[in-house]
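Before any comments, here is the structure.
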Amino acid sequence: MLCLAGLIALHGCRPSDSEDATLQDGLVLFKQNKLEEALPVFERVVSTGDDNTEAHIWLAETYRRLENREKAIEHAQTALDMEPCNTFALTVLADASVPQTAETDIAKSETSWKHLMKAIECDSTDGNVWESVWGFAIRRDDPEMVRTSVRRMVETGFLTDAAIDFGRWLIRTLPDNAVLLTNGDMDTYPSMAVQETENLRADVAVVERGLLNVPWGIRFYRDHMGVPIPFPDTELEMLTPKRAADGSITYPSDLILERWVAASRDRTAPRPITLAVTVYRDFFSRYEDDVQYAGPFWRVVGQPVAHPRDTVALRNSLAGIGSGDFEGPWVSEQDYSPVRGLYTKEIVTTVTHAALVYAEDMLETGKLVEAGRIASWAEGFEKRTELGPTYVDRIAEIRRRIDGGTP
């Protein structure tokens, strides 16, 4: 029996169990990030013997995401044998050959770079290619190509308006000359995008935290973005992940943050250190007394803070949000990452959370009218975002406290 794509979610139909499984069945599972279930579907489609270039590419991308690089390269190359100028296949082949966060040196990534340049030659309007180029350009110590890749992610529509709105919100109210640590793709690219295309906050250094775990990433941020790295060049190659007896791992980025916090305490930090609100709390949980929440970011203050939140910064961050900001999709239809497709829209909850923290601060100080105004704003804001209402109960609780006159 054929498993119709629209019935999979409703009835739990497993297309991998059917000889009639189609490429579309596999894509439905892939987009749900059910890679292990999508894999046999793509394999079955490929096994039919038809010259199905697209099936080989999606099979290659699935293998790549499951960290089977050899199989990914094999099927991407098969697709290229069928269609030598297939941008998707070239991009998969590049990414599978050298994972972006690997410690491999530039020479070993030259083949991947050639694949990406060929992909651009074949179709420069594919934003997925430019997203891959970004990481490889940092590896190659090529700041101009890094900037170009960010601009092209905007021009191709790979970064949506809602995502760019988030990048603008994230950096607009940062301290002067700040270093901003981000957590991954969709807080890094949009922040850099508004710097490049709107000339907004060019003084800020946007640093993807994961790239502080490899020497070539550390050097790039130090040499081209003026990020103060608290280790001499001779020690960078020795900065490797260390596993403790309890199984925990200390990464180079942990050591760098530790020294940044110490410098902030000593008042010797050359630049303000901030962490995007998307950065996992366990990364800086040891320094809770040294950081202050400011809505879009946490600021390292280097001393015990009188209040864990900067109420003024919260108000200012919300005041800059336009009536149409954050509407529409957070991920472009052309983006073939299932992870970004499923989860990026959840980032908008950080905006609503900031508003509600501010409303709760207003309650604590007896400013009930202002608390009510912000709660209503947050409710209306949620309704117009792609994710929709999320903090319904929390907003209701704020209103209950207002009605009862309870701080």
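The values are calculated or read from the model by the stated rules, or taken from the named source; none is laboratory data. Please read all numbers here as calculations on a predicted model, not as lab measurements. Here the Cβ positions follow ideal geometry from the backbone for every residue, glycine too, while neighbour counts run over all protein chains shown. Heads up: the accessible areas ignore ligands, DNA and RNA and are worked out on the full protein's heavy atoms, side chains in. Shrake-Rupley method; radii C 1.70, N 1.55, O 1.52, S 1.80 Å.
Computed values, structure above
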read-out	value
Considering only the chain, percent of DSSP beta bridges that pair antiparallel, nearest 5	50 percent
0 to 90° range, to nearest 10: angle between helix 349-364 axis and the chain longest Cα axis	10 degrees
Of Glu54, Glu235, Glu131, the one that fluctuates the most in a GNM where the chain has Cα springs shorter than 10 Å	Glu235
Accessible surface, the chain, averaged per residue in Å² (probe 1.4 Å)	45 Å²
Fraction of accessible area attributable to carbon and sulfur, the chain (%, probe 1.4 Å)	49 percent
Using θ = phi - 60° and Karplus 6.51 cos²θ - 1.76 cosθ + 1.60, couplings along the stretch 79-86 (whole Hz; Gly, Pro as x)	4, 5, 4, 7, 9, x, 10, 8
Ellipsoid equivalent to the stretch 169-216 - semi-axes via the Cα gyration tensor, in Å	18, 12, 9
At 1.567 mPa s and 4 °C, Stokes D of the stretch 273-407 from Kirkwood alpha-carbon radius, µm² per second	80 µm²/s
Relative contact order for the stretch 161-273, counting Cα pairs under 8 Å that sit 6 or more residues apart, in percent	25 percent
Label of the coordinate-derived value, volume of the Cα convex hull per residue in Å³, listed as (i) 141; (ii) 167; (iii) 152	(ii)
Between helix 53-65 and the chain: long-axis angle, C-alpha atoms, 0 to 90°, nearest 10	50 degrees
Farthest positive-ward along the chain dipole, Cα basis, beta-carbon charges - from Ile398, Thr111, Gly135	Ile398
Cut-off under 5 Å, modelled amide H: who pairs with Glu208 long-range	Thr182
Pair-distance profile P(r), taking every C-alpha pair of the stretch 125-178, with 5 angstrom steps and integer %	4, 20, 21, 19, 21, 13, 2, 0
Nearest-ten-degree value, helix 87-97 long axis tilted from longest Cα axis of the chain	80 degrees
Neighbour-limited loop hits for trypsin sites (Lys or Arg not before Pro), the stretch 212-248 (at most 12 other Cβ within 10 Å; DSSP other than H, G, I, E, B)	none
Estimated distance in nm for a label pair at Asp223 and Arg400, the labels positioned 7 Å out from Cα along Cα-to-Cβ	5.8 nm
Ratio Rg/Rh, restricted to the stretch 227-332 and using Cα atoms, in which Rh is the Kirkwood radius	1.06
Residue among Gly380, Gly226, Gly302 with the largest mean-square fluctuation in a Gaussian network model of the chain, springs linking Cα atoms under 10 Å	Gly380
Residues whose placed amide H lies under 5 Å from that of Phe297, excluding near-sequence neighbours	Val277
DSSP-assigned coil residues among GluC sites (Glu not before Pro) in the stretch 309-353, each with at most 12 further Cβ atoms within 10 Å	Glu333
